[in-house]
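What follows is one structure encoded as structure tokens, with my remarks underneath.
The values are calculated or read from the model by the stated rules, or taken from the named source; none is laboratory data. Please read all numbers here as calculations on a predicted model, not as lab measurements. So basically every Cβ, Gly included, is an ideal-geometry build from the backbone, and we count neighbours across all protein chains shown.
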Amino acid sequence: MNPSSPIRRSLFLHASLRRRPAAVLRRMLELVDDDTLPGEPQAALERRLAELLGKEAALFFPTGTMAQQVALRVHAERRGRSAFAAHPQTHLDGWEMQGYAVVHGLRLHRAGDRHELMTTADIEAVAEPPAAVLWELPQRDLGGLLPEWADLRAQTDLARARGAAAHLDGARLWEAQTYYDRPHHEIARLFDSVYVSLYKSLQGVAGAVLLGEAGFVAEAGVWLTRLGGHEPETWPQVLTALAGLDTLLPRMAAFRAHAIAIAAAINKDGAAYAYPDPPQTPLFHVHVPAGRRAVTEAGAAILAERGVQMFARVRSAPDPRRSSFEITVGENAMEFAPEEVAGLVHELVERAGGT
Ligand SMILES: Cc1ncc(COP(=O)(O)O)c(C=O)c1O
């Protein structure tokens, strides 16, 4: 245990607890021997994901940010169109400094309402013909909401009918799969290109994989090189991702079941409100009747006193007396009984002065 970190237990997926170098190195060592050659793990990971997701080809990228911007660029160049459509809270707009526009000259059409899932009507309403429509499954900023399967199929069909590619931001496809309860390749089949993350619920060091038909992925590889994303060795990222596929992917349904139990306990207690109710994936939001600053301070006090980290950040709400935070159930949150989390949330609300 690192005495400089106050965190002893955490409800936050990316807490330092399981990301310490010694723990990560132990995971890697389980997957290699003296005869393993440097390029082999990457090729093995790409083959494994192409098979799992039923795509012709897969390519490792250093980040999802690079992978998705490249995917959209290739779709745009192939169609001679510069626009793409995505949910107003897409990661590309909120967290990537508008790289799609500044680096790639693309234009984003925000489709639909900020606080609701995208609909077919929202896609129809995009007036400029899009090169691609992007879906984030699940929609993280809506508490991990997912469109129903029939809606998703209708939406991807519509995108293609409009001459656009269907692209999946599958940073959390591993979580989304637990709701649809269909094989990963059936979900991926709805999309022309798919990005998955290696370091979120798979707990890798970093990295992403972009998948699609062979020609598309080859073209994406040109941009990977142009943008300086080609790395001589990727095995540190790749080995931790392979470990995640072996050990964490099979647990995703159990993570979802525990998320549902935690959310039910929070809602039974009643001091705060877990949404969606019940959660569709291992990810959900806790809506708290107290403002962002007060909740942040209350969380910091609980961490300092008891070593329990409840969240990484608190989201503000239009109503200044309310805020929310995210819980993603992975190995960290499995250590908490649902009633304990409900008790912590209750205490948090009281300390933040919530009503
Ligand atoms: C939904 C979503 N898409 C894309 C990304 C980008 O991934 P990366 O951090 O590998 O650039 C993230 C990262 O948090 C994400 O949450």
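The table that follows gives values for the structure above.
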{"item": "Number of the exception - Ala23 against (1) aliphatic (A, V, I, L, M); (2) more than 20 Å from Thr247 (Cβ to Cβ); (3) exposed (fewer than 14 other Cβ atoms within 10 Å of the Cβ)", "result": "(2)"}
{"item": "Matching residues in region 32-53 - criterion: being surrounded by 15 or more Cβ atoms within 10 Å (Cβ to Cβ) and hydrophobic (A, V, I, L, M, F, W, C)", "result": "Ala44, Leu45, Leu49, Ala50, Leu52, Leu53"}
{"item": "Near pairs, Cβ below 9 angstrom, 6+ apart or cross-chain, from region 195-214 (at pLDDT 95 or above) to any residue that is among the acidic types (Asp, Glu) and within 10 Å of the ligand (Cβ to nearest atom)", "result": "Tyr195/Asp169"}
{"item": "Residue within region 154-168 that is in a helix (DSSP H, G or I), within 16 Å of the ligand (Cβ to nearest atom) and not acidic (Asp, Glu) present", "result": "no"}
{"item": "Region 140-151 residues that are closer than 15 Å to Gln177 by Cα and in contact (Cβ under 8 Å) with a residue 12 or more places away in the chain, paired with ones that are more than 15 Å from the ligand (Cβ to nearest atom) and of a type in the set (Val, Ile, Thr) (beta carbon under 9 Å, 6 or more apart)", "result": "Pro147/Thr119; Trp149/Ile187"}
{"item": "Complete set of residues in region 273-316 that are of a type in the set (A, V, I, L, M) and without any contact (Cβ under 8 Å) to a residue 12 or more places away in the chain", "result": "Ala300"}
{"item": "Scope region 295-343; condition part of a loop (DSSP other than H, G, I, E, B), of a type in the set (A, V, I, L, M, F, W, C) and crowded, with 19+ Cβ neighbours inside 10 Å; matching residues", "result": "Met310, Phe311, Val314, Val329, Phe336"}
{"item": "Helices (runs of 4 or more DSSP H) wholly inside region 37-151 that include at least 2 residues being touching a His at 6+ places or on another chain (Cβ under 7 Å)", "result": "64-79"}
{"item": "Segments classed as strands (runs of 3 or more DSSP E), wholly inside region 172-277, with at least 1 members that are more than 16 Å from the ligand (Cβ to nearest atom)", "result": "208-212, 273-275"}
{"item": "Selected residue (criterion: nearest to the ligand (Cβ to nearest atom)) from residues of region 125-139 that are in contact (Cβ under 8 Å) with a residue 24 or more places away in the chain and among the small types (Gly, Ala, Ser)", "result": "Ala132"}
{"item": "Meets criteria (of a type outside the set (Val, Ile, Thr), within 16 Å of the ligand (Cβ to nearest atom) and on the phi < 0 side of the Ramachandran plot) for Leu72", "result": "yes"}
{"item": "Count - residues of region 75-101 that are surrounded by fewer than 24 Cβ atoms within 10 Å (Cβ to Cβ) and farther than 27 Å from His115 by Cβ", "result": "7"}
{"item": "Odd one out for Pro276, checked against (1) in contact with a helix residue (DSSP H, G or I) (Cβ under 7 Å, 6 or more places away or on another chain); (2) under 30 Å from Leu49 (Cβ atoms); (3) in the same structural domain as Phe336 (by TED's automatic domain parsing)", "result": "(1)"}
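Every residue, every condition in (1) away from the ligand (no atom under 12 Å from the Cβ); (2) more than 22 Å from the chain's Cα centre (by Cα), yes or no:
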{"site": "Glu30", "(1), (2)": "yes, yes"}
{"site": "Arg48", "(1), (2)": "yes, no"}
{"site": "Lys55", "(1), (2)": "yes, no"}
{"site": "Ala83", "(1), (2)": "yes, yes"}
{"site": "Leu92", "(1), (2)": "no, no"}
{"site": "Val102", "(1), (2)": "yes, yes"}
{"site": "Leu106", "(1), (2)": "yes, yes"}
{"site": "Arg110", "(1), (2)": "yes, no"}
{"site": "Leu117", "(1), (2)": "yes, no"}
